[in-house]
Each structure stands twice: as structure tokens, then as C-alpha cells.
Amino acid sequence: MGGFAGKTLFVDLSKGTFEERQLPDELYRRYLGGLGLCIRLACDAIAPTAEPLSPENAVVIGAGPLVGTDAPASSRVYAVSRLAQSRTMGWCGAGGGRFGALLKYAGYDHVVITGRAAKPVYLKITQSAISLEDAAGLWGKGAHQTTEILGRTPCGPWGVVAIGQAGENLVPYSMAFLDKASTLGRGGLGAVLGSKNLKAVIASGRKGLAVADKKAYRAVLRPLMNSIREYPHLAEWQELGLLKSLPVVEKEVYLAHKKRRIACVSCPVGDKDVMEFPGAETICSTSAANLFLPIIYGVKDPVQAARVIALLDDLGLDLYEFFGALVFGARLVDARILDLAGGPPIKVDSAESLAAWAKKIALRQGAGNLLAGGVAGLKDAFGEKAGDICPPTVKGMYPYVGPGAPLPWNLFGTMELGQALDPRGPHVAASGSPTYFARRPLSVFPKHLARMGVPEEALPRILGPDNNSLSVGRLLKYSHAWFATLGSLGVCARAQINRFYSHKLCAQIYEAATGIKTSQEDLRRRADRVWTLLALANAGETGASDGKAFQPPKGGPGPDLPTQWFGPAGFKNYLTDEPLTRDEALTMMADYHSEQGWDPVTGTPLPECLKALGLDSSGKDLE
Ligand code: SF4
């Protein structure tokens, strides 16, 4: 097959052993590659009883068949594991930097890591040798510092996935970083790697990659490249990155400090940056919108705001959950419920305070150890006394968008509903669905939905027979399928990239690259299989970081939706602008499950759905 490097590497950290395997072609055919195969391999490697921080948990890292080709923005890397914060089987994705391409050029599509090393190590992957190297000198260093050191290892260039001190200290909301400029892991991948004593994974190779049908591949790529070249807003995206859609700081301030932009391999946009601040200090940003986020919380000086985020990145802390914990912590102190044990005051509008607490949390010092539990940990400790000063949580995590969350968008579209339906808890996975852009008229939806691969027969269920209503739940099913498709091929899902791809083009380019016969219908079925397998893997999970049994609320499915979402200050219906009601949200969740072919109340895949996808009730392949 073309597109794939051909081998999967299995690493047992406890035994210090490596094994290369060539997976059966049928597995690639059924799960596409990239995200899809990561989920399949994780389901095979992780027992349902495995605790997130136990040696029995596995981390599967992989890149899809387009990664390493010149298809635009085909750099995406995924990791799947039982995550520390949500305790569910979940995926983490990264723009991919150069890690994915270099992993494949070393000969591997996926790496399955199990066990726990006796002492800190890093995994070194090249086309000629695999080794576990001593990481004693790296333990205690930040993710960025570690990347800089390992990037200098001779015989590079290297792609580097590294954790910071937060991952080492098992902070549930710790992340890994990829090539310094991409996060890999809302949900606690950093802690999982830390529990394995695995400081980093580095990859380098020069093997290159062949596509199966060069002529067909070029024929599909040509119009795609042309549409990017002709896109009238390309220069604006290149200049502003995500600030274009989320202007958290004035353009002039951002541009004054922007030294250059960074792109993941083969990306024509490049929305990450190297920023330069006074004293020639340089900072890598995952996106300018993230870099200046503390401004939303009241930090006035943009340079100080960016320094806080650079510190969080280096420590390996999820910035959304960090702010949730600090907002809650400050309220608990005000209410005289939390004693900071001599620590400095918590002030979310002070860069100094944020930096001090970031370090204390990552190192679990003093009251930082309590705050390291995140919003859910504080709720567990003080919830009964805290009452209505608790910030919103979904599946134990702080939502990133909506009332009481850092991103204050208040229309309830697919991204907002997705926070309650993602197995990992709230995260971005709506993948450029039309509701991502507020107030788009329904008249443009059919064209957009066709591009995402929504079959025509589903349109009346989503938009009503006269195209004048909207089922956000049913639309979310197809947003997830589109996300799974892009992620399995290895294409970046950010809106400014996926706008150039269509479902039809994905089927064509996948077939040309891999040689696997793939119609749009085949592609839909495989993406549905991926998402349904993930649902099966999480059926019966608690979905809460406190380990307590998940209790569906009375009268409908779903987790404990935050009360802040409802009422006059809560979310609004995407079409009517009326305050969203809890019943509406629960109906959307039931619609989502029904459209997937899952039980509307429990979300468990139904036998007919499993049969159609060739899975048995335990997630084994039937075909
Ligand atoms: S849009 Fe950003 S995250 Fe996506 S491939 Fe390009 S640089 Fe990477």
C-alpha cells in the first residue's frame, strides 16, 4: 500500500523491549489509518479495567497515510490512551509539526507504548535503531527545554513529543507538547506519559514515502492547490492566524512582536509563531489566540500575558483547566473556604500570580497540590460548601466555550454541544461544521454539509423538510464523522485548512495515496466505525474524574450538564436566540445518539448499528 510507512512499533517499557509488526492490510482498510487506527490499536492494547496511570494503560501515537506526503496540512498526529483527567479512552490531536512525517520516514505509522520504565527514559526512534535512553538529566525540565535539548541530538532533524514538570508530577490536566508548537493532550496525556517515566519520544528518518498511484494523486492535488492559491483570505490567515477568528489582542500588538510564523509540514497557512519580546526573548506559540488568552481574564500587559502562556506550555499545563482551577480557587479563598497555606494571593488578572501558581501546581507545592486537582478536584474537596460559586464542569472538566468559560460564545451549535458528547469531556472536535461560524444563514448549510460528506438522505433530518430548522444533535454526528475522516487521513481539522478539503476529495486522495479502493460511502462507513468503536470502548465508563458512577439525570440522557448553560445568562438557541433549555439540550443529545445508531438514552451503540459496521458488542471486528 502507498501512503503508509508499513510498520507499527510496540514498546514495552517495563521489559525494555521493542517489536515491529506489519499489521494486516485489512486493519488499514477498516480503520483508514491515523486517528482511526490509533483508536483500534488502543482498544486492543488497553484492558477495560486498566487505570489511566497504571502500567497496564497504553499510549498509541500515530499519523495517517497522507502525513509525510505533500498534501496540504497533512501533518496531523494523534495519541489515544485512557486519559488521566476524564478516565475515558480518548484521543489527543496535534497540528503535528514535523514529528508525524519523521516518524513515518523512520518506517512507522504507529507506536504502541505499554508498561512503566523503572527510571526516567526517552524513546528514540530512527530508521535503523530503536532505543530507550536515560532521561535522568531531562527529568525536572520543561517540555520546551526538553525539546530544545533533544532536538540537538546528532543525526537529526528530530520530531519531539515531550512532557513538562506537570506530567512528571501526574497533574491530571497535564499535556504533552509536540515540536514546541503544538499541544498533544487535553485530558491528561502528560500525566499518563509521566506515570510511565517516559519523558519524551523522538523520531527521525529519511526513508521518504511513496503514494500508490502518482498520476491520480497529482490529479486530485492540482485543483486543491489551486483553490488554496486563489483563496482571497489566505494572506490574512497567514498574517493573523487564529487571531482572525478570535481577536483577543489588537492586531498591531501581535504583529509588533511576531518574529516569524511557523507551519506544520506541508501547511500553507502556518498559524503558529515565534514571538520576540524585550531582551530578545523568543517564545513559540501554539496559536496567537492561545498566547494572549490571559487578556480575557484581565491581564493588561500583552507581553506578560504571553509569558504566562509560554510558562504554562513549558510546564505542560492545559491552559483552559488551569484558568478554571484558579478562578474557582480565588472564589474559594474569597469565601474563606480555601486556605492558601502561606502561598501568594490568587489573582487571575495578575501575570505574577498566574506564574507563581502555575509553578506550584506543576510541582504540587503547598496549595498548588489542591489546585492540581483542577476544577473537579476542588469540587470534590469543597463542593458541598462551595455551592453556586463552582464554575461549570462537564464530565469533571472545565468547558472551554460558553457561559462561565474562557471563550464566551453563547450560541449553542455543534462545538458547544460537542463539549457534552466528546468521550474525553469538553474539547474542540466539531471540525468546521457551519455552526462554528455564528449566524450563518441556513441557506448555506446544504452546500457546506455536502462538502463534509453528509449524505443527501440525512439533510431533511438535520434541516427539516423545508430547510428551515436545525437539529444540532444530528449535525454533530456528521461533524464528528468529518473530524474522524480528516484525522484518520492525517489532515489538520482547523477551519482555515479543512475548508479546502471535501469529503469527495478525501475519498479520491485516500484511494490515490494508499491504493485502497474507497468510495464516499466506504469512507463514511469507516469513519462511523472509528467513532462507534470509541463509543463502545467508553460504554459503561464513569466519565467523571472522581471515579463515581455516572448517573444520567432524570428525564433524559447525558452527563450532568452545567446549570450555568441554562437561563438568561446561559447559551442561546442557535436559530431563535432564545435561552437554551435543559430539555432542548437533552433532546439534542438524544438526536445525536439516534443519528449515530446508538441508544438515544445511554449512547450505547445498538446491535443493528454494530452489525452494519462489522463490529461485535465488545468492539471486535466481525468481517
Ligand atoms: S493550520 Fe496550524 S495546526 Fe493546522 S497544519 Fe497549519 S500550522 Fe499546523
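The values are calculated or read from the model by the stated rules, or taken from the named source; none is laboratory data. Everything quoted here is computed from the prediction, not taken from an experiment. Note: ideal-geometry Cβ built from the backbone for every residue, glycine included; neighbour counts use all protein chains shown. Accessible surface areas use protein heavy atoms only, side chains included; no ligands, DNA or RNA. Shrake-Rupley method; radii C 1.70, N 1.55, O 1.52, S 1.80 Å.
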### Task
Please calculate how many Å² of accessible area segment 119-186 carries per residue, with a 1.4 Å probe and no DNA, RNA or ligand atoms counted.
33
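Which order do the peptides 31-39, 150-158, 199-207 take when ranked by the mean count of other beta-carbon atoms within 10 Å per residue, highest first?
Numbers: 31-39: 29.3, 150-158: 14.3, 199-207: 22.7.
The packing order, highest mean first, is 31-39, 199-207, 150-158.
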### Message
Quick query: amide H of residue 259 versus all other amide H atoms, modeled in the peptide plane; which residues come in under 5 Å with a sequence gap of 5 or more or a different chain?
### Response
274, 275, 276
#### Entry: Note, ³J(HN,Hα) from phi for segment 50-60, Karplus 6.51, -1.76, 1.60, rounded to Hz, x at Gly and Pro
5, 6, x, 9, 9, x, 6, 6, 10, 10, 10
### Efficiency of FRET between residue 56 and residue 276 - r from beta-carbon atoms, R0 45 angstrom, step 0.05
0.50
### Query
What fraction of the DSSP beta bridges in the chain is antiparallel, stated in percent and rounded to the nearest 5?
75
### Task
Mind jotting down the three principal axis lengths of segment 319-389 based on Cα atoms? Whole angstrom, largest first.
29, 24, 19
### Task
Report the calculated FRET efficiency for residue 578 and residue 444 (r = Cβ-Cβ distance, R0 = 25 Å), to the nearest 0.05.
0.65
## Note on the structure
For the pair residue 300 and residue 222, the simple spin-label estimate (label points 7 Å beyond Cα toward Cβ) gives in nm 5.9
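Kindly state, to the nearest 0.05, the FRET efficiency for residue 259 paired with residue 233, given R0 = 22 Å and r defined as their beta-carbon distance.
Numbers: r = 23 Å, r/R0 = 1.04.
E between residue 259 and residue 233, to the nearest 0.05, is 0.45.
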#### Entry: Karplus (6.51, -1.76, 1.60) ³J(HN,Hα), θ = phi - 60°, over segment 149-157, in Hz, Gly and Pro reported as x
5, 6, x, 8, 4, x, 6, x, x
### Message
Quick check: the distance between the Cα centres of segment 242-297 and segment 30-104, to the nearest angstrom?
### Response
27
### Task
Could you tell me the largest-minus-smallest coordinate of the C-alpha atoms of the chain on each of the three principal axes, in descending order and whole angstroms?
66, 62, 51
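With every protein chain left in place, what is the accessible area per residue of segment 458-538 in square angstrom, probe 1.4 Å? Please report the intermediate quantities before stating the final value.
Values: 2240 Å² over 81 residues.
With the other protein chains kept in place, segment 458-538 gives 28 Å² per residue.
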### Task
Evaluate the distance, in nm, between pseudo-label points positioned 7 Å from the Cα of residue 152 and of residue 384 along their respective Cα→Cβ axes.
5.4
### Message
Just to be sure I understand: if I project the alpha-carbon convex hull of segment 224-320 onto a plane and average over all orientations, what area do I get in nm²?
### Response
6.8
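Rounded to a whole number, what % of the accessible area of the chain do carbon and sulfur atoms account for, probe 1.4 Å?
52
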### Task
Please work out the Cα center distance from segment 503-526 to segment 138-157, rounded to the nearest Å.
38
#### Entry: Neighbour net charge for residue 50 - beta-carbon separation under 11 angstrom, K R +1, D E -1
0
